[in-house]
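Written below as structure tokens is the structure these notes are about.
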Amino acid sequence: MPVYPIHSLNVKLNNVREKLKHLIAIKNKQKWDLLKLERENTELRAANKQLEDELKQIRKKYSLVQKDFNKSKNFAKIVSNKLTPTDGLAELKDSVERYIVEIDKCIEILEDTL
């Protein structure tokens, strides 16, 4: 009879050891996962910073394009004011070509932002 309690204690001790090994394995896996997530978090923060900087630049370009666009709203008025009998057709053509160049610049800026 005295052998049975020792055997029982050994079985229980082995069970505790197995559970402890299992818990250590879980802890190690979680440690790896934590390191991986911290590294990913650092990378995402860097990417986020880069995107915020890019957004800032796009907003600057947008405000410039918007200013140029607001200037171009008066384009029809300018052209109609140019159409007077006293002004020459060549002068009107030059003005229109300058406006077209400005519009092309605006389009380039818009394409760069996209």
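Pairs linking a residue in segment 91-114 that is closer than 27 Å to LEU55 by Cα and of a type in the set (Gly, Ala, Ser) to a residue that is at pLDDT 80 or above and part of a helix (DSSP H, G or I), with Cβ atoms under 6 Å and 6 or more positions apart or on different chains, do not occur.
If you check ILE26, ILE58 for being under 30 Å from ASP104 (Cβ atoms), surrounded by 10 or more Cβ atoms within 10 Å (Cβ to Cβ) and among the β-branched types (Val, Ile, Thr), only one passes: ILE58.
The values are calculated or read from the model by the stated rules, or taken from the named source; none is laboratory data. In this text, all values refer to a predicted model and were calculated from it rather than measured experimentally. Counting neighbours? That spans all protein chains shown, and the Cβs are built from the backbone with ideal geometry, glycine included.
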